[in-house]
Structure formats: structure tokens, C-alpha cells
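Visitor: Encoded as C-alpha cells, here's the structure I'll be asking about.
The values are calculated or read from the model by the stated rules, or taken from the named source; none is laboratory data. Everything numeric in this text was worked out from a predicted model, so none of it was measured. Here Cβ is always computed from backbone atoms with ideal geometry, including for glycine, and neighbour counts include all displayed protein chains. Keep in mind that these areas ignore ligands, DNA and RNA; they rest on the heavy atoms of the full protein, side chains included. Shrake-Rupley method; radii C 1.70, N 1.55, O 1.52, S 1.80 Å.
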Amino acid sequence: MSIVRLWKKGAPFFLLFSLLVIWELALKVIKIEPWLLPAPSAIMKEGMASFQSLSEHVVSTVQLSIIGFLIGTFIGLLIASLLHLFPGAKDAVYPLLILSQNVPIIVLAPLLVIWFGFGMLPKLIVIILVCFFPVAVSSMDGFRQTPYELKHYFRMMGASKGQLFWKLELPHSLPYIFSGLKISATYSVMGAVISEWLGAKSGVGVYMTLASSSFRTDRVFVSIFIIMILSLLFFAAITLAERFFVAWKRKEDKSDEAAH
């Protein structure tokens, strides 16, 4: 592996490590109270000490995130497919999709509790609302970007509208769909944490709320780092799935780079 490739892969980790070192040293020089801003070493120590109690909260958040992400992805793909296959409905529905993202989730969440109680349903609705939109928009863009020449060729071969969609437009839009999935995957963790503020019994959001109310800033930062790690893991999982399902796109990109 060349030095350039090694730097590209290791630069984010080096930068993160450097920031943590600067954070640690700055606190020793400035001498800020630990309850106000704890050092990274103190945060790591608290995370290791609370590992057993944290594991239950992490598992709860992961389960909620995955379920909400899968449902949100299905709804996003369904909406995008229907609006693409029935363009007459797109002009009426698409503005409503945009408006659905203009309502602050933190404001909508208490209303969901009033309407649906303290069960899992309002929590899933919160995650679905933040997950379906990126998938729907990116999927519609992917369907629209299908080359006209290929669609014309399929029509000349006698392909029906359904065959055109399943055999050409959907496979061709996979890179766009996975772009939306990456965004939704990271949003799902955030949505799960917000939904847990509605009154869940366990979860990283519950752990964070309890830590904040008791002025345990170190535990709040532990929660923040856990959320970041989970988001990165979800993003990495979607990236691996993309490499498997969109292998033809990578070969196409490599051939374009070789041509230039």
C-alpha cells in the first residue's frame, strides 16, 4: 500500500486522535472543572466502568434504530416507486413530502406520545420520519437519471412499464438509493435517541437524560461517543452492502479512471 493511500485511509483517525490529545492537554492547562467539561481520559474511564449497565441501553437503541430504519427504507422506496410510476401524483404529493421534513421532530414527539401513548409506535414513527425522506428523494433522482437511450432501447424490444422499471430503472438507480440509505442509516440512530426521550425504559437516550439531570457530564459525553460510533457502524454496514450490490458501478468507475 502506497503512502498516499495509507494517508487517505488513516488521516481521519490521525486527526481525531490529535483533537483528543489537544483536548486532554488543554484541560490540564486551563484547569476546567470536570463536571463542566471532562477530559477524554475521564470519559473513556467512565465508559469502561459503566460498560455493563450501558450494554442494555445500547442494545435497546440498536434494535429500535434497525427496525425504524428498515420500515423507513421500505416506505421511502415505496413512495419513490409509486411517484415515479404514476407521475401525475408526483406534483401533488412531492410538496407534502418536503413539508413533512419542515416540522421539528423535537416538537412533534410530544404530540405522538399524546396520540399513541408511551409504547414503541411513537418511537418508530419518529425514526421513520427522519429515515424515509432521504431514501425517497435519492431513489426518485436515480429513477429519473436512467439514460433515455437505454429506456428507448427497452421500449423497442417491447418491454412493458413494469419490466422497464424492474430490469432497468431500479438496477440503474441503486447507487442513488444507497446514497440515501447512508444518510438514513446515520439519521436512524439520532431518531432513536430522540424517540427515547419520549419516555422509554432503556436506551442511550434514556442514559443521556439521566446523566444530564444528575450533572454527570462525563456520562453525557459517553452517550455522545456511543451515538457517533453507532452511526459510523451503520454507515459502514450500508457501504459494505453497496460494494456487494453495486459492484458493476465500481468497475465502471475504474474503467473511466483508466481511460483518463
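Visitor: Limited to region 233-260, what total is found for residues that are at pLDDT below 85 and not aromatic (Phe, Trp, Tyr)?
Guide: 14
Visitor: Same structure, new question: Residues that are of a type outside the set (Ser, Thr, Tyr) and over 13 Å from Leu198 (Cβ atoms): find the helices (runs of 4 or more DSSP H) completely inside region 100-157 holding 3 or more of those. Quick ask: steps written out before the conclusion?
Guide: Details: elements: 105-116, 120-144, 148-156.
Counting at least 3 such residues, we get 120-144, 148-156.
Visitor: Residue under question is Ala39, and the condition is that it be surrounded by 15 or more Cβ atoms within 10 Å (Cβ to Cβ) and over 25 Å from the mean Cα position of the chain (by Cα); does it hold? Walk me through how you get there before you give the answer.
Guide: Values: surrounded by 15 or more Cβ atoms within 10 Å (Cβ to Cβ): yes; over 25 Å from the mean Cα position of the chain (by Cα): yes.
Against the criterion (surrounded by 15 or more Cβ atoms within 10 Å (Cβ to Cβ) and over 25 Å from the mean Cα position of the chain (by Cα)), Ala39 qualifies.
Visitor: Just need a number here: residues in region 84-107 that are within 23 Å of the chain's Cα centre (by Cα) and buried (at least 17 other Cβ atoms within 10 Å of the Cβ).
Guide: Result for region 84-107: 2.
Visitor: Could we say that Ile32 is within 29 Å of Ile226 (Cα to Cα) and either modelled with pLDDT under 90 or assigned to a loop (DSSP other than H, G, I, E, B) (or both) here? It would help to see each step written out before you state the result.
Guide: Numbers: within 29 Å of Ile226 (Cα to Cα): yes; either modelled with pLDDT under 90 or assigned to a loop (DSSP other than H, G, I, E, B) (or both): yes.
When the stated conditions are applied, Ile32 passes them.
Visitor: To continue, here is another question. Check off (1) open to solvent by 30 Å² or more (accessible area, probe 1.4 Å); (2) modelled with pLDDT of 90 or more for Leu230 and give me the number that stays unchecked.
Guide: (1)
Visitor: Please work out if Ser195 is at pLDDT 90 or above and part of a helix (DSSP H, G or I).
Guide: Working: at pLDDT 90 or above: no; part of a helix (DSSP H, G or I): yes.
So Ser195 does not fit the description; no.
Visitor: Going through region 42-80 one residue at a time, which ones are crowded, with 17+ Cβ neighbours inside 10 Å, out of contact with any Pro (no Cβ under 8 Å at 6 or more places or on another chain) and small (Gly, Ala, Ser)?
Guide: Across region 42-80, the qualifying residues are Gly47, Ser50, Ser60, Ser65, Gly68, Gly72, Ala80.
Visitor: Can you name every residue in region 201-219 that is surrounded by 19 or more Cβ atoms within 10 Å (Cβ to Cβ) and hydrophobic (A, V, I, L, M, F, W, C)?
Guide: Scanning region 201-219 gives Val204, Val206, Met208, Ala211.
Visitor: Output the residues belonging to region 171-200 that are surrounded by fewer than 24 Cβ atoms within 10 Å (Cβ to Cβ), more than 21 Å from Phe225 (Cβ to Cβ), touching a residue at least 40 places away in the same chain (Cβ under 8 Å) and not hydrophobic (A, V, I, L, M, F, W, C).
Guide: Residues satisfying the conditions are Pro175, Ser179, Gly199.
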